[in-house]
């Protein structure tokens, strides 16, 4: 089994040296284990790699994490707890080198490269030392591992000077970077056998206009890289106060900004249901100011696909109810871009019509009787009104299947229009508000009584399997029974009102990475602090949505509701 892991590490090391990622390590390892192979066919392993255009931006690091997770599973066995932390000391004394086990333990808390793992797996000479002993021995002479990578060099063949191989920690365009003072000199001195406390680097030739600066007094390298680089840099190393400088080379890799690697291809011009990649709106409706924006995600732009999100805004002027609808079409559904547009428009129109009617708006009728917005009968009536709006949107999608508004190459089905739907209605009362939502699928909505606190007004919802969600086109979310209606409905009355937000999962996934985060008032306050300056206009909001979050490249739609008198100053 160790030889299988070693061969995977060696092959990955070769691929990563060529800046190639694999992306499907776990499945490939399972294939080998199922065939009871003790070693890996390197070329077959490479052939099973995912195509470059299907790999995530952080594919190289994802390879490392997957390799570490699979190796730990092999070492611990299938009976171990899935989420238990790996402890190297529990597995020492077997066939696995101790240095390799220690690196696996450290892999969850710091950067570990495939090269580190491969060297530790292939070498037994340094395995006897524990991580603590190594840290103690080198605390005063060796720079942090994440700053400098060193390799034990072979003895020189023709030169009187020792061979030194030093690589600076990788940098990324646009991200602050630092190599600590003295770290480069210490790394060279350690390989040469010099005393690090006397060694220094008197000169380092950095790439022109790269954004990094070398401080000759301290040996520190710092700055924010401006462009990619992959090559060697020349430096002058001085081993002691009285010695002459010695020229050496050090390698540096500056990775490009991940966002710059994504393409922005136009959508097809002759496809059914064309949709612009961006949409935004800003309007004042009664006591509310509404700022909304929707933009195509990087994943769709990279493939030249349409934006699948949509939104709609309405106002029942006779009764003062604001109506917001946000929809996210499923990327796997052929015409989901049309599904989201039809659903949000239909739900909005139904709600405006009903809420604006003093005859059909039972919530208003009941309030006139009870003079209490928190009366249980008002809650029930609002739930029914919002549910019937979602049902109306469902029927509109069925009608589109029967009689498409655009010519289609083949007959469509209802699931071709898969979309989520969040409807939000708000009414101003004194300094606060009444708010109700009905949500089917992912994404979410929240309300902030004041800038320091907020809470969700929808519940997280998924499908039967991880990564799935529910859609308006499915019958289950629209079942007319109390348990189902309560699951999708939320109602609140607040004495204060700062803002309400409705958004698709292109916003909620990166800003609320878990259900616990979605329920955390501090997380809502943090989002508001970041978002509020961008609400000065819908164009500014649209630009804010272009933030980069690794692994989160879906379409993004957000509708923000504020008091009409609110300014764009933070925390106003």
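The values are calculated or read from the model by the stated rules, or taken from the named source; none is laboratory data. The shown structure was predicted, so the numbers you read here are calculated from the model rather than taken from an experiment. Here Cβ is always computed from backbone atoms with ideal geometry, including for glycine, and neighbour counts include all displayed protein chains.
The table below lists the values:
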| read-out | value |
| --- | --- |
| Subset tally (residues that are in contact with a helix residue (DSSP H, G or I) (Cβ under 6 Å, 6 or more places away or on another chain) and closer than 12 Å to residue 285 by Cβ) for segment 309-359 | 4 |
| Residue match in segment 75-87 (condition: at pLDDT 75 or above, surrounded by 15 or more Cβ atoms within 10 Å (Cβ to Cβ), in contact with a helix residue (DSSP H, G or I) (Cβ under 9 Å, 6 or more places away or on another chain) and part of a helix (DSSP H, G or I)) | yes |
| Tally, over segment 510-522, of residues that are in contact (Cβ under 8 Å) with a residue 60 or more places away in the chain, crowded, with 17+ Cβ neighbours inside 10 Å and in a helix (DSSP H, G or I) | 1 |
| Residue list for segment 224-245, restricted to those being crowded, with 16+ Cβ neighbours inside 10 Å and either free of Cβ contacts under 8 Å to residues at least 24 places away in the same chain or part of a strand (DSSP E or B) (or both) | 229, 233, 235, 236, 237, 238 |
| Condition check for residue 369: over 28 Å from residue 474 (Cα atoms), in contact with a helix residue (DSSP H, G or I) (Cβ under 9 Å, 6 or more places away or on another chain) and assigned to a loop (DSSP other than H, G, I, E, B) | no |
| Residue within segment 430-444 that is farther than 27 Å from residue 517 by Cα and at pLDDT below 95 present | yes |
| Answer residue from segment 410-426, given it is touching a strand residue (DSSP E or B) at 6+ places or on another chain (Cβ under 9 Å) and not in a strand (DSSP E or B) and is nearest to residue 288 (Cα to Cα) among those | 420 |
| Residue within segment 284-295 that is more than 28 Å from the chain's Cα centre (by Cα), exposed (fewer than 15 other Cβ atoms within 10 Å of the Cβ) and over 15 Å from residue 422 (Cβ atoms) present | yes |
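Here is a yes/no grid of residues against (1) in contact with a strand residue (DSSP E or B) (Cβ under 8 Å, 6 or more places away or on another chain); (2) touching a residue at least 12 places away in the same chain (Cβ under 8 Å); (3) farther than 20 Å from residue 310 by Cα:
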{"position": "447", "(1), (2), (3)": "yes, yes, yes"}
{"position": "453", "(1), (2), (3)": "no, yes, yes"}
{"position": "470", "(1), (2), (3)": "yes, yes, no"}
{"position": "489", "(1), (2), (3)": "yes, yes, yes"}
{"position": "495", "(1), (2), (3)": "yes, yes, yes"}
{"position": "498", "(1), (2), (3)": "yes, yes, yes"}
